[in-house]
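Comments concern the structure below.
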Amino acid sequence: MLILSPVAQRYFEVIRRYHLPGLSVVVAKDVAEARRWLDNCNIVFGRPDLIRLILPDLKRLEWVQSTYAGVRALLDPASRQDYLLTNLGALYGPVMTEYVFCHLLMHERRALERYHAQRRSVWDSTVPGTLRGKLMGLMGVGKIGSRIAQTAKHLGLRTRGYTRISSGCEFIDAYCHGEEWLLPFAEGLDYVVCTLPDTPETKGLIDAAFLEALPSRAVLLNIGRGGVVDEAALVEALEGGGIATAVLDVVQEEPLPASHPLWTTPNLHLTFHTAAPDSDYPAQLVAIFLQNYQRFVHGWPLEHRVSFGGAY
């Protein structure tokens, strides 16, 4: 097995604690280091964007375990698809749920406004808002979206889900399926939480028309992929008061260029792809791999398998 990641050694230090008969492990922090091992590896554990660069040269490849939840880099229809692909399932569900409700509570409780009032020695007793009774729209109701919806119901929110086909989450009050229902989905939402992957179908889905369909009080959070948001349309919506606030953990170009208008857009908060950093969870990532490794050696179906056709 090849571990391909800038923090490959951290994963290896966890894996080496376990007795795994028949498994030899090599590590590489980048593609250049990895190339010496490509002829012999049938399992690769690592970052999808790096694995994509060596995919054509992995002659014995049978299984790729991603260290990211998103595996868009490996879903190009023109790339090979003759192997098993698995991701992290719901690993990031709890921490991303914390992220979402941190920012929604800050918004409703006016945390930043009160801090700035304190710095100006101004007594700000403005009555805060509340989450209870508000309507949350979830764009993508997979394992992460479902976890967010569950917490939303605990806090008394109403929920609406936007998906392509899935509709099995018990914490979603109503579903909208497909692009023809995108604008009706947006109507009346207080919060929009996007966990969608980066696919041809989702690219630019949050565009000017979608933003115009939202109420002016709406708060948008994107913790999926930057390509889902039309950034120029979002800047215009925030500058014109079309929506109240946006929180972006992901953007189209990372790091964001210093000249990009998102830096100075009003009521926009950037969190620099920190909602769920993979390098903080080596033990949990390895645990997912180990469970699937036992299935792999026994010929059993793998958990968290990704369809090359894509879904959300």
Computed Kirkwood radius, in angstrom, where 1/r is averaged over Cα pairs of segment 61-144
16.8
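For segment 224-265, what does the alpha-carbon gyration tensor say about shape, rounded, prolate or oblate, given a ≥ b ≥ c as the root eigenvalues, a/c under 1.5 as rounded, and a/b over b/c as prolate? Mind dumping the intermediate values first?
Values: a/c = 2.03, a/b = 1.37, b/c = 1.48.
Since a/c reaches 1.5 but b/c is at least a/b, the shape of segment 224-265 is classed as oblate.
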Heavy atoms of residue 33 accessible to a 1.4 Å probe, total area in Å² rounded to 10
50
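What is the calculated FRET efficiency for residue 35 to residue 123, with r their C-beta to C-beta distance and R₀ = 51 Å, to the nearest 0.05? Please report the intermediate quantities before stating the final value.
On the way: r = 64 Å, r/R0 = 1.25.
So, using R0 = 51 Å, E works out to roughly 0.20.
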Counting C-alpha atoms alone, how compact is segment 215-312: give Rg to one decimal and Dmax as a whole number, in angstrom.
18.7, 58
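Quick check on the chain: helices-only [θ] at 222 nm, where DSSP H runs of length 4 and up contribute -39,500 (n - 2.57) each and the sum goes over total residues. Nearest 500, please. Working shown, then result.
Details: 10 runs with 93 residues, N = 312.
Counting only the DSSP helices, I get -8500 deg cm²/dmol.
First measure r as the distance between the Cβ atoms of residue 112 and residue 271, then evaluate 1/(1 + (r/R0)^6) with R0 = 22 Å and state the FRET efficiency to the nearest 0.05. Mind dumping the intermediate values first?
Working: r = 13 Å, r/R0 = 0.61.
Step by step, r from the Cβ atoms, then E = 0.95.
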What residue among 69, 237, 111 shows peak mean-square fluctuation when the chain is described by a Gaussian network model with Cα springs under 10 Å?
111
With Rh as the Kirkwood radius over Cα pairs, segment 99-197 has Rg/Rh of 1.08
Give the separation of the Cα centroids, segment 150-207 to segment 44-89, in Å.
28
Just to be sure I understand the curve: with the Debye formula and one point per C-alpha of the chain, what is log10 I(q)/I(0) at q = 0.07, 0.10, 0.13 Å⁻¹?
-0.31, -0.62, -0.97
Those trypsin sites (Lys or Arg not before Pro) in segment 1-89 that DSSP places in a loop and that have at most 14 other beta carbons within 10 Å:
16, 17, 59, 60, 80
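Of the accessible area of the chain, with the probe set at 1.4 angstrom, what percent is carbon plus sulfur? Mind showing how you got there, number by number?
Values: 7880 of 15090 Å².
Whole-percent figure for carbon plus sulfur exposure: 52.
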With a sphere of radius 15 Å drawn around the Cβ of residue 38, what net charge do the other residues whose Cβ falls strictly inside it have (Lys, Arg +1; Asp, Glu -1)?
+1
Positive-end residue, the chain charge dipole about Cα centroid, Cβ charges, pick of 211, 8, 194:
8
Rounded to the nearest 20 Debye, what is the dipole magnitude of the chain about its Cα centre when Lys and Arg each give +1 and Asp and Glu each give -1 at the C-beta?
1020
Assuming a viscosity of 0.692 mPa s and a temperature of 37 °C, what translational diffusion coefficient in µm² per second does Stokes-Einstein assign to segment 151-224, Rh being the Kirkwood radius over Cα pairs?
252
Efficiency of FRET between residue 98 and residue 14 - r from beta-carbon atoms, R0 25 angstrom, step 0.05
0.60
Given the candidates 285, 135, 88, the one whose Cα lies deepest towards the positive end of the charge dipole of the chain, counting +1 at each Lys or Arg C-beta and -1 at each Asp or Glu C-beta, is 285
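The values are calculated or read from the model by the stated rules, or taken from the named source; none is laboratory data. Worth saying up front: this structure is predicted, and the values here are computed from it rather than measured. Please note: Cβ atoms are built from the backbone with ideal geometry, for glycine as well, and neighbour counts cover all protein chains shown. Surface accessibility is based on the protein's heavy atoms, side chains included, excluding ligands, DNA and RNA. Shrake-Rupley method; radii C 1.70, N 1.55, O 1.52, S 1.80 Å.
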